[in-house]
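One structure is given below, encoded as structure tokens.
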Amino acid sequence: MVFSSLTFLFAYLPVVMLVYKAVPFRWRNLVLLIVSLFFYGWGEPVYVLVMIFSILMNWLCGKAIGRCRDTDRARAKRILTWCMVANIALLGFFKYWDFLITNLNHLGLNLLKPLGLGLPIGISFYTFQTMSYPIDLYRNETDPQKSLVSFGAYVCMFPQLIAGPIVRYTDIARQLEERSETLDEFYLGVRRFMSGLSKKVLLANSAGQVWESIAALPASQQSVVTAWTGILCYAFQIYFDFSGYSDMAIGLGKMMGFDFLENFNYPYIARSVTDFWRRWHMSLSYWFRDYVYIPLGGNRRGRARQLLNILIVWLLTGLWHGASWNFLLWGLWFALLLAMEKLWLGKLLERAPRAVGHLYAVFIILLGWVIFRSPEVQTIGTYAAALFGGTAARADDAGYLWLTLRQYGAPLLFAALLSTPLGKTALAALEKSKPGRAAKLILLLLVLALSLLTLANTSMNAFIYAQF
């Protein structure tokens, strides 16, 4: 079950909201826990047990750390270490075991066979959430959660369970105990959810259809125009798919009284790679900064150590996205670019005109998506060659471009505009007058109707980041 499905919109969500709002506040965390486990179990009837184990383990470790952190720091540290090892082992077993065994077998070390296990949906997201809890407890940044129900609701609350944003316990600890649930906030949540739904259904899916048709072409048929059109559409697809999901998650959270932090801030207007990663998937970037980069020393131990820390963080970031060599190369790609910006390139970009920095960032990001999206390492070079005219296809394939624009031109134009703050600025301008607010409401309803109509007639609807 996904947010952009008719089953979710017209069956699951209305029932959940009616029950959630009908019960007294003291029972709402329990309702949230039950409906979230049902939501997850709908798609993962077996792997829901893995999530329940993760909840119990981290809650019990948290209680143990809370009892001894002020009196026996050594013991608290041992418990934290054991907890981290257990979390990483759980994630590593399901996500990386087959990758490791397959590569060992390729080296001739045929010791074991891959297990062929499916990846539990969202395990990377909820594992990082649960890991932040005992770490923050050990750091004295929060207090132990006495209620297993409340902690379980935090870990598996369905709005952000499948694809984030990564919500730290410290961000919503107080909200688990008391939260504001006004009619105005509910309306804002509905509006944010509608915005995310339209991003996913109208923009991400349309861009994805163009990308899939181009990616399926033989290398000999991918001209310069075709290849650049394809990777640009993939960039729109992954952005509006993921940011749309984040918008829906934030909106659903607000409808239930929770305030989740923003996860995107117009990343495609960035002027450098450093700027891009301050704007893209911010909850993941902040997690690695606070729990890996800074503990490793950050930039406090000299330039060489800082560059090593950047390399470690970005190799881990690549692995977080998947057990595949292309993700490791993608992490290495950005590690090298970030290192260059720390050493000398960043200063040049600061002095250069804004347009230069923007074009540089977009160019680098698009090449990064080629690495990210290539299913096999060898296809990276093949697609990159097509981008720069290295195939036999004609480099001036205007006919294909015209057909693409004729069929998908409108959504792609909106995707380009909404990748910038222009859309938000225009909508904010409508709020300044009563007729403008009425026009905005009508516009949102029309977009919702179009999204539902499109949703009823599409077969391409899976969330990209659910696989991570």
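Count, please, the residues in segment 51-63 that happen to be open to solvent by 20 Å² or more (accessible area, probe 1.4 Å) and either touching a helix residue (DSSP H, G or I) at 6+ places or on another chain (Cβ under 8 Å) or outside any helix (DSSP H, G or I) (or both). Let's see the steps before the verdict.
Residues of segment 51-63 that are open to solvent by 20 Å² or more (accessible area, probe 1.4 Å), as a first pass: 52-53, 56, 59-60, 63.
Still in the list and also either touching a helix residue (DSSP H, G or I) at 6+ places or on another chain (Cβ under 8 Å) or outside any helix (DSSP H, G or I) (or both): 52-53, 56, 59.
Of the residues in that region, 4 qualify.
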What pairs come out if I take residues in segment 384-395 that are at negative phi and modelled with pLDDT of 85 or more and pair them with residues that are among the polar types (S, T, N, Q) and part of a helix (DSSP H, G or I) whose C-beta lies under 8 Å away, six or more apart or interchain? ALA386/THR226
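Among the residues of segment 297-306, is there at least one that is part of a helix (DSSP H, G or I) and either crowded, with 16+ Cβ neighbours inside 10 Å or among the small types (Gly, Ala, Ser) (or both)?
Let us first name the residues in segment 297-306 that are part of a helix (DSSP H, G or I), namely 303-306.
Then drop every residue that is not either crowded, with 16+ Cβ neighbours inside 10 Å or among the small types (Gly, Ala, Ser) (or both), which leaves 304, 306.
Looking for residues that are part of a helix (DSSP H, G or I) and either crowded, with 16+ Cβ neighbours inside 10 Å or among the small types (Gly, Ala, Ser) (or both), one finds at least one in segment 297-306, hence yes.
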Please tell me if MET157 is open to solvent by less than 40 Å² (accessible area, probe 1.4 Å) and either aromatic (Phe, Trp, Tyr) or within 18 Å of TYR20 (Cβ to Cβ) (or both). yes
Residue match in segment 331-338 (condition: under 21 Å from ARG271 (Cα atoms), open to solvent by less than 10 Å² (accessible area, probe 1.4 Å) and of a type in the set (A, V, I, L, M)): yes
For segment 158-196, which residues satisfy the criterion of being over 19 Å from VAL15 (Cα atoms) and of a type in the set (A, V, I, L, M)? ILE162, ALA163, ILE166, VAL167, ILE172, ALA173, LEU176, LEU188
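Going through segment 112-148 one residue at a time, which ones are within 18 Å of LEU32 (Cβ to Cβ) and surrounded by fewer than 17 Cβ atoms within 10 Å (Cβ to Cβ)? Full working, then the answer.
Narrowing segment 112-148 to residues within 18 Å of LEU32 (Cβ to Cβ): 122, 125-126, 129-130, 133, 145-148.
Across segment 112-148, the qualifying residues are LYS146, SER147, LEU148.
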Which pairs do you get when a residue that is without any contact (Cβ under 8 Å) to a residue 40 or more places away in the chain and under 18 Å from TYR465 (Cβ atoms), found in segment 179-203, comes within reach of a residue that is open to solvent by less than 30 Å² (accessible area, probe 1.4 Å) and among the polar types (S, T, N, Q), reach meaning Cβ atoms under 6 angstrom, with the pair 6+ apart or on two chains? none
In segment 192-206, the residues that are open to solvent by 20 Å² or more (accessible area, probe 1.4 Å) and under 16 Å from the mean Cα position of the chain (by Cα): LYS199
Look at segment 261-278 and say how many of its residues are aromatic (Phe, Trp, Tyr), surrounded by 20 or more Cβ atoms within 10 Å (Cβ to Cβ) and assigned to a loop (DSSP other than H, G, I, E, B). 1
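Here is a yes/no grid of residues against (1) more than 28 Å from GLY253 (Cα to Cα); (2) of a type in the set (Ser, Thr, Tyr):
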residue	(1), (2)
LEU32	no, no
SER36	no, yes
TRP42	no, no
VAL46	no, no
VAL50	no, no
LEU56	no, no
CYS61	no, no
ARG73	yes, no
THR81	yes, yes
The residue that is surrounded by the fewest Cβ atoms within 10 Å (Cβ to Cβ), considering only those in segment 78-111 that are of a type outside the set (A, V, I, L, M) and farther than 30 Å from ILE65 by Cβ, is GLY108
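The values are calculated or read from the model by the stated rules, or taken from the named source; none is laboratory data. All of these numbers come straight from a predicted model, not from anything done at the bench. Because the Cβ atoms are built from the backbone with ideal geometry, glycine has one as well, and the counts that use them run over all protein chains shown. Side chains included, ligands, DNA and RNA excluded: accessible areas come from the protein's heavy atoms. Shrake-Rupley method; radii C 1.70, N 1.55, O 1.52, S 1.80 Å.
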